[in-house]
Amino acid sequence: MKPLSQLAEQLPRSGIRAVMEIARETPGTISLAVGEPSFKTPAHIIDAACAAAYDGHTRYTPNAGINELRAAVAARYAERWKQPIAVNEVLIGSGAVNAILASLIAVVEEGDEVLVPDPGWPNYGAQIQIARGVQVTYPMRSENGYLPDLEELDRLVTPKTKVVITNNPSNPCGVVWPKETVEAFMAWAQRRDLWVIADEIYEDLVYVGKMVSAAPIDRERVIFISGCSKSYAMTGWRIGWAIAPAALIALSSKAQEAVVSCPSDISQRAALAALTGPQECVEEMRQAYHRRRDLVQSILQPAGLLPAVPSGAFYALADMRSTGLPSQEVAIRLIKEEGIATAPGTAFGVMAEGFVRISLASSEEELRVGCERIVAFADRVG
Ligand SMILES: Cc1ncc(COP(=O)(O)O)c(C=O)c1O
């Protein structure tokens, strides 16, 4: 037999997988490792999806999504950014994940370098490989509040650098970039003439400060990414979007045709209900995460395990460096000795070695017990 694809063989495996397998085999483990909302999708959204299915919206749609949803996305951000947005500047993807991949395929040439945050969402690396690009990581240091250092970034730019990916609010750091950081970053990207993929999927989950999007600063340069998964607890519905110049959207729609044809019509109708219906559900979920964040902070910060308090998204990075153990070992021992599953920091890059990620998408009781045991472990081993 001829061998299987090198590209597929070389795609990185999730660094959370091994830990999750041990957690599954350890009965009674409390999981603080989940990366998705703990809430149910709001009922009015489910009702809209059921009605859509009965009304026959069960077929293929245009590659870039149905016009009604593209228009609703355009209207939402036209209001937020105080700028007109055309429907042909919006791509609806099967989740933000697909919107990012389609955007990378539309921009990256073979061998182009793409700057990605470290620690950062691990899927960027695999997506860049599929788009035939080369991932180059830029550090987000805890000492720096997990914000980018432009001088360090500058040193990483080569003639092959074409794209920089940002993730604000960040998974796994939970940082929300202040306005000055976003503006300085965009000025830097303009000086360096780079495309910016601004992954702002956690834009509605901000606890401290204000969300400032990179997109309205330079719409010619920014490929804005967001979606329904986090704001509306709709991870399984698979609806995300990109907003970018129309010429790029035309290319990313072509790429999407080959990968998924189009997002599910039923899910697009659900997303339409999410965007145009009552928004109190978003605020209620945001407040619940905020309470959980306060709880985690109240336990981890006095123990010196939280160098940067999360201000958005639903994650906290606990600093376990005092144990002297690598993240993977901390995560495994936390399961075996404390019955707590976390995600090892190294699943998100080399900069988070010695850290574990806690997800706020767990109940308050689980978070309280989990954080107390993490502190007990750090005391015992450190
Ligand atoms: C930073 C980041 N970007 C994108 C995604 C993907 O979101 P979606 O469910 O819309 O594909 C996630 C999901 O965890 C994420 O954490």
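With surrounded by fewer than 20 Cβ atoms within 10 Å (Cβ to Cβ), within 16 Å of the ligand (Cβ to nearest atom) and outside the structural domain of Ser359 (by TED's automatic domain parsing) as the only criterion, which of Thr137, Thr181 stands out?
Of Thr137, Thr181, the one residue that is surrounded by fewer than 20 Cβ atoms within 10 Å (Cβ to Cβ), within 16 Å of the ligand (Cβ to nearest atom) and outside the structural domain of Ser359 (by TED's automatic domain parsing) is Thr137.
Going by the conditions given, is Ile92 hydrophobic (A, V, I, L, M, F, W, C) and within 16 Å of the ligand (Cβ to nearest atom)?
Considered against the rule, which asks whether it is hydrophobic (A, V, I, L, M, F, W, C) and within 16 Å of the ligand (Cβ to nearest atom), Ile92 comes out as yes.
Check whether at least one residue in the range 208-221 is under 20 Å from Leu360 (Cα atoms), aliphatic (A, V, I, L, M) and over 14 Å from the mean Cα position of the chain (by Cα), and report yes or no.
Yes - at least one qualifying residue is present in the range 208-221.
Here is a yes/no grid of residues against (1) β-branched (Val, Ile, Thr); (2) out of contact with any Lys or Arg (no Cβ under 8 Å at 6 or more places or on another chain); (3) free of Cβ contacts under 8 Å to residues at least 40 places away in the same chain:
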residue	(1), (2), (3)
Thr161	yes, no, no
Asn167	no, yes, no
Pro172	no, no, no
Trp177	no, yes, yes
Glu180	no, yes, yes
Phe185	no, yes, yes
Arg192	no, yes, yes
Glu203	no, yes, yes
Tyr207	no, no, no
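Cβ-Cβ below 6 Å, separation at least six or inter-chain, first residue in the range 223-249 and closer than 17 Å to Val34 by Cβ, second assigned to a loop (DSSP other than H, G, I, E, B) and among the aromatic types (Phe, Trp, Tyr): which pairs?
Pairs that qualify, where the first residue is closer than 17 Å to Val34 by Cβ and the partner is assigned to a loop (DSSP other than H, G, I, E, B) and among the aromatic types (Phe, Trp, Tyr), are Lys230/Tyr202; Ala233/Phe39.
Scan the range 1-54 for residues that are within 16 Å of the ligand (Cβ to nearest atom), hydroxyl-bearing (Ser, Thr, Tyr) and part of a loop (DSSP other than H, G, I, E, B) and report the count.
3
Within the range 323-342, is there a residue that is modelled with pLDDT of 95 or more, in a strand (DSSP E or B) and not acidic (Asp, Glu)?
yes
Of the residues Ser231, Ser170, only one is surrounded by fewer than 24 Cβ atoms within 10 Å (Cβ to Cβ), assigned to a loop (DSSP other than H, G, I, E, B), within 15 Å of the ligand (Cβ to nearest atom) and not charged (D, E, K, R); which?
Unique residue meeting the criteria: Ser231.
The values are calculated or read from the model by the stated rules, or taken from the named source; none is laboratory data. Just so it is clear, the model here is predicted, and its values are computed rather than measured. Methodologically, a virtual Cβ is constructed for each residue, glycine included, from the backbone with ideal geometry; neighbour enumeration extends over all protein chains shown.
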